[in-house]
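Here is the structure we will look at.
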Amino acid sequence: MLTLKYVVPAIIALACSPLPSLASAAGIARDTMQADMPASQQTIRQVHRFLERFIDPDKTPAEQAALFADNAEYYDQGVVGKARIAQDVKHFSKRWPFRAYRLAGVDSIIPDPESDRALVRYEIDFEVVKPEKTIVGSAYYIALIADLNGSPKVEKIEEIIERRKTYSTLDE
């Protein structure tokens, strides 16, 4: 797994955007990731395909956990294994029985050709529902995705909820 030693100049520029923790999410050595190297069309397609599968709410907790590296930096929980991720997904699914996600956009893909990884910044629109409450909104994510040309896995992920609106279904 890559460790944070240097920050790519482009990541610093992106850090001024709505996701302030982008630079800290990078965990990428300056000499391997080149901000001025655009992602190839193949990489863009691979990232989009992976993200569509990744945000699909119909996966089982084990299927979702399988999309992560063995020891992934998982949101604000630090480095965790797949069993912990599956447990977290199971808890979230139980709490919010209806979940819908839409990939609103991929803002940035910074490839690392040396390691077949990419740092990806994307946005999703979401709706989660339980009997007494509905929450809709959008969130930005930063993910370090490894093995893009094989079996992609998230090594690191962070989330910033950009906007959300809560509706009580009990008031109706």
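Considering the range 132-168 alone, what residues qualify as being over 15 Å from the mean Cα position of the chain (by Cα) and more than 17 Å from ASP116 (Cα to Cα)? Hits for the range 132-168 are GLU132, LYS133, THR134, ILE135, VAL136, GLY137, ARG163, ARG164, LYS165, THR166, TYR167, SER168.
Residues that are touching a Lys or Arg at 6+ places or on another chain (Cβ under 7 Å) and among the small types (Gly, Ala, Ser) number at least 1 in the following strands (runs of 3 or more DSSP E) confined to the range 81-172: 98-112, 133-146, 153-168. Name the single residue, out of those in the range 71-88 being among the small types (Gly, Ala, Ser) and touching a residue at least 12 places away in the same chain (Cβ under 8 Å), that is farthest from ARG121 (Cα to Cα). Selected residue: ALA83. Cβ-Cβ distances below 9 Å connect the following pairs, each with a first residue in the range 41-70 that is free of Cβ contacts under 8 Å to residues at least 24 places away in the same chain and hydrophobic (A, V, I, L, M, F, W, C), a second residue that is buried (at least 19 other Cβ atoms within 10 Å of the Cβ) and not in a strand (DSSP E or B), and a separation of six or more residues or different chains: ALA66/LYS82.
Here the range 99-125 is the region considered, the condition is being surrounded by 15 or more Cβ atoms within 10 Å (Cβ to Cβ) and acidic (Asp, Glu), and the residue that is farthest from PRO57 (Cα to Cα) is ASP112. The set of residues in the range 63-80 that are of a type outside the set (Ser, Thr, Tyr) and either surrounded by 15 or more Cβ atoms within 10 Å (Cβ to Cβ) or within 24 Å of ILE135 (Cα to Cα) (or both) comprises GLN64, ALA65, LEU67, PHE68, ALA69, ALA72, GLU73, ASP76, GLN77, VAL80.
The sole residue among THR60, THR43 that is surrounded by fewer than 16 Cβ atoms within 10 Å (Cβ to Cβ) and hydroxyl-bearing (Ser, Thr, Tyr) is THR60.
Read the figures in this text as sums done on the coordinates, not as results from a lab. Quick caveat, the model's predicted, so the values are computed rather than measured. Every residue, glycine as well, gets a Cβ built from its backbone with ideal geometry; the counts of neighbours run over all protein chains shown.
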